[in-house]
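Trainee: The structure's right below; bear with me while I get my questions together.
Just so it is clear, none of the values below were taken in a lab; they were calculated from the coordinates. These numbers were taken from a predicted model, which means no experiment stands behind them. Glycine also receives a Cβ, built like all others from the backbone with ideal geometry; neighbour counts cover every protein chain displayed.
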Amino acid sequence: MAGAAAPGGEGWSSRTAFVLAAIGSAVGLGNLVRFPAEAGANGGGAFVIFYIFCVLLIGLPILLAETLIGRHGKGSAIESMKKIALESRASSWWSVAAGIGMLGAFLILTYYSVLAGWIIHFIGVFVGDFASTLGSGNIAQGALQGSSLDEVQGILPALQANSNEMLAMHAIFMALTIAAVGRGVSNGIEKVAVWLMPIFFLLLIAITIYGAFTGSFGAALNFLFDFEPARLLDPSVQLSALGQALFSLSLGSALMITYGAYAARDINLAKTSAQIATADTSVAIIAGLAIFPITFAALAPASLTAILEGQEQVQGGLGLLFVNLPVAFQTMPAGSLIGLLFFIMVFFAALTSSVALLEASVSWAIGYFKKPRWLVTIVLGGLAFLIGAWASFSFNSQADFQPFDFMIFSGQPVFGIIDEFTAKILLPTSALLVAIFVGWIADRRLIDSENGLDGNLHRIWLFLVRWLCPLVISAILLTGLFPGLL
Ligand code: PHE
């Protein structure tokens, strides 16, 4: 049996299941919503290039470090770090790194589910629209034909103003997440990934190819890869790219440690890490290449030129996916079918990530409180629902409640504060501590026997984990948080 000694005697049923679940956790709203939004807000090219740098030189080595901690420790993230610390005669306080990550994952879940609730709402809109185009025998036309531009652009604001509906969708999504996690690792979490991820990939490829033929592919390529070198040195662009790389690979969130614990001994973790990072990064770039051409095609030529010449900002943020994209589907041939498939695809990706976000703390709480999985899952999922509900008021009654008027938090309501705090503070801090722990503190023989690397690759990995990761993460954290420092 694969991973029989993991927490609660659970484990993935095969290597493929582990890789799919890990990819499922990595690929999510981070790739499909956050990546294009951050790329838009940070000027495209420079952000994307720095992001790829972060994935290769920081994300990938830390991904291997985290999965190996889990696989050796065979417990929840905190337990696993404690165990290795003790075996290495180091302080068990190092497990704080996993604790910080676990808190990060839990807090991300709170607002993640609100966003995923919006996706459910849009699936509803497009199901209705597709049904009516089918009824009229006119599938080839664009989506939402009866609606004016204002109405299409108003779908999201109308949803945001409707607190009850937002809460209902958030509740549905959280309930689905709880249902999967409550069933356990191989019966629930793994099944969701094994079924949904292959469909996700098929949809992504189909939509990208379609977008490439019908949209402004060249303009999107320009936007994503062309950059002003000066922006590469901008600390706030760097911190955004680092935060995004960690968020997208589910690092610094205790999650890869948790999933690693369910992995069997004969799995080569270096290889699986490379597969996970490659899949996740490809999806982010491909998603950019699907979303930007489609939205650019719907823009007036003058504003597109202004964007590409850097004089105008792309609608960054959430508007890109929920406002611009529906407008684009309106003019796109077969827009309601493509729109429907698009939002279903995003929903699948979101669910395989939200189960991971919840599992990170559930696996710890089962052992700590010695309570059954179902109970723990319902309690933690319920708590995340409540905090998420509070965050959702940031879009209506509490939009002006911006309690922290400093640093990266200024001008942010609760929703934005949770996102900034997790992606730009908690995840980098946890990842930094993990790198120092694996690079300097943990027993070398133990690390070497787990990582599946030899020769030069091993030396390169060790160098990155010991030197580059800690130095770069601390530098980016400090300069990004305290812009006046340099
Ligand atoms: N990586 C996921 C995404 O990109 C989010 C996530 C973060 C999931 C941390 C698990 C742990 O959407």
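Trainee: Which angle between 0 and 90 degrees, to the nearest 10, do you get for helix 77-87 versus the longest principal axis of the chain when only C-alpha atoms count?
Mentor: 30 degrees
Trainee: Only counting other Cβ atoms within 10 Å, I'd like LYS82, LYS191 sorted with the fewest neighbours first.
Mentor: LYS191, LYS82
Trainee: Among the listed pairs LYS271/LYS371; LYS83/LYS424; LYS271/LYS370; LYS83/LYS370; LYS82/LYS371, which are separated by more than 24 Å between their Cα atoms?
Mentor: The pairs that break the limit, which is 24 Å between Cα atoms, are LYS271/LYS371; LYS83/LYS424; LYS271/LYS370.
Trainee: Just want to confirm a number: the relative contact order over region 393-438, from Cα pairs under 8 angstrom separated by 6+ residues, in percent.
Mentor: Across region 393-438, relative contact order equals 24 percent.
Trainee: Can you tell which of GLN330, GLY73, ALA41 lies farthest toward the positive end of the dipole of the chain, using +1 and -1 charges on the Cβ of basic and acidic side chains (Lys, Arg; Asp, Glu)?
Mentor: It is GLY73, whose Cα lies furthest towards the positive end.
Trainee: For the ranges 62-68, 428-434, what's the packing order if you count other beta-carbon atoms within 10 Å of each residue, average per peptide, and put the highest first?
Mentor: Listed from highest to lowest mean packing, they are 62-68, 428-434.
Trainee: In what sequence, highest mean first, do 136-144, 402-410 appear when ranked by Cβ atoms within 10 angstrom?
Mentor: 136-144, 402-410
Trainee: Does region 198-238 classify as rounded, prolate or oblate by the C-alpha gyration tensor (a ≥ b ≥ c root eigenvalues; a/c under 1.5 gives rounded; else a/b over b/c gives prolate, otherwise oblate)?
Mentor: oblate
Trainee: Go through region 135-151 residue by residue and turn each phi into a ³J(HN,Hα) via Karplus (6.51, -1.76, 1.60, θ = phi - 60°); whole Hz please, and just put x for glycine and proline.
Mentor: x, 8, x, 10, 5, 6, 7, x, 6, 6, 4, x, 9, 7, 4, 4, 5
Trainee: If you don't mind, there's one more thing I want to ask. Taking the Cα centre of region 15-485 as the origin, how large is its charge dipole in debye, to the nearest 20, when only Lys and Arg (+1) and Asp and Glu (-1) carry charge on their Cβ atoms?
Mentor: 1700 debye
Trainee: Taking neighbour counts of Cβ atoms within 10 Å as a proxy for exposure, in what order, fewest first, do GLU190, GLU10 appear?
Mentor: GLU10, GLU190
Trainee: Using the alpha-carbon atoms, what tilt in degrees (0 to 90, nearest 10) does helix 427-436 show relative to the longest principal axis of the chain?
Mentor: 30 degrees
Trainee: Would you mind getting me the FRET efficiency between SER91 and ALA171? Use the beta-carbon distance for r and R0 = 51 Å, nearest 0.05.
Mentor: In this case the efficiency is close to 0.75.
Trainee: Please arrange ILE447, ILE425 by counting, for each residue, the other beta carbons lying within 10 Å of its beta carbon, fewest first.
Mentor: ILE425, ILE447
Trainee: Which part of region 14-29 falls in the paramagnetic zone of ILE286, meaning amide N under 17 Å from the point 7 Å along Cα-to-beta-carbon?
Mentor: 19-29
Trainee: Over region 11-104, what is the relative contact order in whole percent, taking alpha-carbon pairs under 8 Å and six or more residues apart?
Mentor: 13 percent
Trainee: Given the Cα-Cα distance of ASN268 and LEU149 and 0.36 nm per residue of separation, how much length would full extension add, in nm?
Mentor: Computed gain between ASN268 and LEU149 is 37.6 nm.
Trainee: Whole angstrom only: what separates the Cα centroid of region 83-124 from the Cα centroid of region 335-378?
Mentor: Centre-to-centre (Cα) distance: 12 Å.
Trainee: Which order do the peptides 392-400, 332-340, 148-156, 435-443 take when ranked by the mean count of other beta-carbon atoms within 10 Å per residue, highest first?
Mentor: In descending order of packing, they fall as 332-340, 435-443, 392-400, 148-156.
Trainee: Before anything else, pin down the relative contact order of region 93-218: Cα pairs under 8 Å, at least 6 apart, normalised by residue count, whole percent.
Mentor: It comes to 26 percent, rounded to a whole number.
Trainee: Tell me, what is the FRET efficiency for ASP400 and ALA179 to the nearest 0.05, using R0 = 45 angstrom and their Cβ-Cβ distance as r?
Mentor: Rounded to the nearest 0.05, the efficiency is 0.80.
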